[in-house]
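One structure is given here, and the rest of the page talks about it.
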Amino acid sequence: MEEDILKGNFKVKNPIKANDEKVEKSSVREQLRAKALASLGGSMVYMERTELTWEGDGE
Amino acid sequence: MSSGAGIKENKFKEIVEQVAGVGYQRHADTLVKHAGLNLPDAKRTIKQLPPLVGEKARSAIVISAGPSVYKRNSIKRIAAQGFRGSVIAVDGAYIACLKAGLIPDFVLTLDPHPSRIVRWFGDHDFEKHAEADDYFARQDLDMAFRKNSIEQNQEHIKLVDQQGHLSRFIIASSAPRNVVKRLKEAKGDLYWWNPLVDDPKRPDSLTKRIYAINKLPCMATGGTVGTASWVFANSILKIPRIGLVGMDFGYYYDTPKEKTQTYYELIHHLEGDSDIDQCFMDFEFPLTKEKFYTDPTYYWYRRNFLGLLEKKTSETYNCTEAGTLFSENIQCVNLDSFLGSMRGERA
């Protein structure tokens, strides 16, 4: 069986989490990129195509 | 267009599209929070401004804080020619106006940044806020701000304390508390408004959430206080002829790229500087044929402004004499011609 072939002849003391670390690093990278991109929009929210003014719905 | 130029333009536009709206979630909570914190002070609104009369009602100059204001001596020229219309300055141009002996009728402030904006009015926490922030070193308006000196800041505090009572401050509910405190300390006359940040007809509208807190009238901003100042002149003051200065939406061609306002953010976004040239676009200003360039942020601001301009009721002239703001909807004219034509109407 495949599991038997891959089994080592000794036990490592610490569990290896190489893949998790990779995912973590890439997620940090994405977060930094997203943060930088958000800064490019300046400090003010603005969605396009608004009217010039608005004063409520008359409620 | 060569394929290289095409790739560059595509990359540029791709970043612009990503910029549009990306800050929504990031800033939404701040805007709601500031509107709540400012509620006890938001007693008068922009709808309660006394009506303008005479020449103040007939024309206005909007003074934004682009690099041309400094390079073209726009403020000094306006002061020297004795312009009698309404003078509307953005926060970043206010001190420069006072130093030139030009007292703005109105000063607009919008940005919620917790430590930077207060410096436009003289900052009591200058040293603390200046640590590890080179934002002002990348401002082109006034060397006084680039030098970041303690002495200059003290002078600014004194100037605003002495002359703050002479202007009306058109303050957004998004303003940080230190700006509100500083303007009250300088005995400024405050009139409040909300930034119109999205379509209030949408059920999840952020504008509607903010409005529910304070019921203040809302004005579109295009993402920048300069554009908000034009909206104020056009739609609140209803001034029929408006000139713009310092509305560059870009940089002089000899400005090093690393001195542009979002350079570090672009480097981070690209994960290096090898493609950085793709983040800038060239323009030729039609009056002078001088070359300028812009970055995705200012290109986006420019696009927002031109979109809002389609709804204008005033005649609007770009007297910046530089930059990237031109289209079939806005006439570029020399500042002296604009000021001269206003004098001609008076004679």
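Where a number appears in this text, it was derived from the coordinates with a stated rule and is not lab data. Source: prediction; values computed, not measured. Every residue, glycine among them, receives a Cβ derived from its backbone with ideal geometry; neighbour counts consider all protein chains shown.
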Whole-Hz ³J(HN,Hα) from phi, Karplus 6.51 cos²θ - 1.76 cosθ + 1.60, for region B:97-107, glycine and proline x: 5, 4, 5, 8, x, 10, 8, x, 6, 9, 10
Residue-averaged beta-carbon neighbours from other chains (10 angstrom radius) around B:233-241: 1
Shielding by partners - mean other protein chain Cβ count within 10 Å, residues of B:27-34: 2
Radius ratio Rg over Rh of chain B, counting only Cα atoms, Kirkwood formula for Rh: 0.94
For region B:169-186, Karplus couplings with θ = phi - 60° (6.51, -1.76, 1.60), whole Hz, Gly/Pro x: 9, 9, 10, 7, 5, 7, 4, x, 4, 5, 5, 4, 4, 5, 5, 5, 4, 7
Long-range amide H partners of B:L108 with built H, under 5 Å: B:A89, B:V90, B:D91, B:I170
Of the GluC sites (Glu not before Pro) in region B:239-347, those whose Cβ has at most 15 other Cβ within 10 Å and which sit in DSSP loop: B:E271, B:E290, B:E310, B:E328
Long-range amide H partners of B:L196 with built H, under 5 Å: B:M219, B:A220, B:T221
Other protein chain Cβ atoms within 10 Å, averaged over every residue that makes up B:202-213: 2
Reference-scaled alpha-carbon Rg (2.2 N^0.38 Å with N residues) for region B:244-315: 1.26
Relative contact order %, region B:3-346, counting alpha carbon pairs below 8 Å whose residues are six or more apart: 22 percent
At most 13 other Cβ within 10 Å, DSSP loop - trypsin sites (Lys or Arg not before Pro), region B:285-321: B:K289
